[in-house]
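Reading through the structure tokens given below for one structure.
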């Protein structure tokens, strides 16, 4: 399975248009494709006229009213083509993740346990270099950077490449990026001038195919369709179909460098072995002699109320020992179904539901 992020912090470069129509063309070539709309503006979702109740926010957020798995939000677009829709509330996720450990890997965590028969997962990123875009790069094997044949589009490209390199250096995750020329107007001499510079700067990372200016691409999105279903004979369809074929021809080469599961498991064990000595054991306790059952719900266990979060009772005091890395955590007790903060902990903070969470600061020993 190839996971490809499609990103550029500059708006209007054809990022979402590429995500939608490349997915459709890959699907037409008998590849099963999932498009994840990771843009809070939801342009991919709206551009395909998708109706939904739950979105990718409900998968990634720990504060969502209804927490679900990725497979529970997926909607069918066409044969071999599915979408995980987005919504405007996704814009709050950056703030939610701002104080969390491993916030850059939330989407990677979801996709690493996602069981599917997809050949491709395409991620439509927001037009910025925030935490959502970093999550997409961290979760991907490859990045497609749509670039207009214009000076302003080129100037922002170096910043995105810096972010890709930062993910490589800080998170030990290397991705291959390729530049895709979009909105190319062959009637303008300036377009060829900029194209020449792009070829000089990114000759070994440039798709041989490019996407020309074509009004049918915009018309299709206005109709809530991909271009294949709107006009399969237009220039836009031919361009994206050719791009899909070029990407498909790369499959054998990419498969040889994408980490296989045994390698991933070995790497994760190595990381886990390194991180375990840094864990601190914390004991949570609550005096509730009349209670029949008590659970510890917190951000470190996804606020779950199950056997893994059940506390043990001894002489009227309920306890739970947890190993945590240094950081700040939010938690609450659930006593016979009633949620409450820790009565002996003065550190508290109002949560999004207007109730109080108890706070715990775990420091290095």
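Structure notes:
- Principal-axis tilt of helix 151-171 within the chain, Cα atoms, nearest 10 degrees: 40
- Rg to Rh quotient for the stretch 202-253, alpha carbon positions, Kirkwood Rh: 1.06
- DSSP assigns beta bridges within the chain; of those with both partners inside it, close to 55 percent run antiparallel.
- Full extension of the chain between residue 250 and residue 189 gives 18.8 nm of extra length, using 0.36 nm per residue less the Cα-Cα distance.
- Rg followed by Dmax, in Å, when the stretch 1-130 is reduced to its Cα trace: 13.9, 43
- Over the stretch 279-362, relative contact order from alpha-carbon pairs under 8 Å, at least 6 apart, %: 31
- With 5 Å bins from 0: P(r) over the stretch 82-176, alpha-carbon pairs, percent: 2, 11, 21, 24, 20, 15, 5, 1, 0
- Equivalent ellipsoid dimensions for the stretch 103-144 as semi-axes, Å, which come from the Cα gyration tensor, largest first: 18, 13, 7
- Over the chain: helical MRE at 222 nm, DSSP H runs n ≥ 4 each giving -39500 (n - 2.57), nearest 500: -10000 deg cm²/dmol
- Approximating the spin labels as points 7 Å out from Cα along Cα→Cβ, the residue 292-to-residue 200 distance works out to 7.8 nm.
- Descending principal axes extents, the stretch 279-362, alpha-carbon based, whole Å: 31, 31, 24
- Net lengthening on full extension, residue 344/residue 321 (0.36 nm per residue, minus Cα-Cα): 6.6 nm
- Over 33 Å [Cα-Cα, the chain], rounded percent: 38
- log₁₀ of I(q)/I(0) at q = 0.22, 0.23, 0.33 Å⁻¹ - the stretch 167-213, Debye sum with one point per alpha carbon: -0.77, -0.81, -1.21
- Compared with the dominant Cα axis of the chain, that is its longest principal axis, helix 261-275 is turned about 40°.
- The mean sequence distance of close C-alpha pairs (under 8 Å, at least 6 residues apart), as a share of the length of the stretch 2-271, puts its relative contact order at 25 percent.
- Ranked for footprinting exposure by Cβ neighbours inside 10 Å, fewest first, 312, 219 give 312, 219.
- C-alpha long axis of helix 189-201 to longest principal axis of the chain, angle in °: 60
FYI, it's all coordinate maths here, none of it is from the lab. Just so we're clear, the structure is a prediction, and the values are computed from it rather than from any experiment. Heads up, the Cβs are rebuilt from the backbone with ideal geometry, glycines too, and the neighbour counts pull from every protein chain shown.
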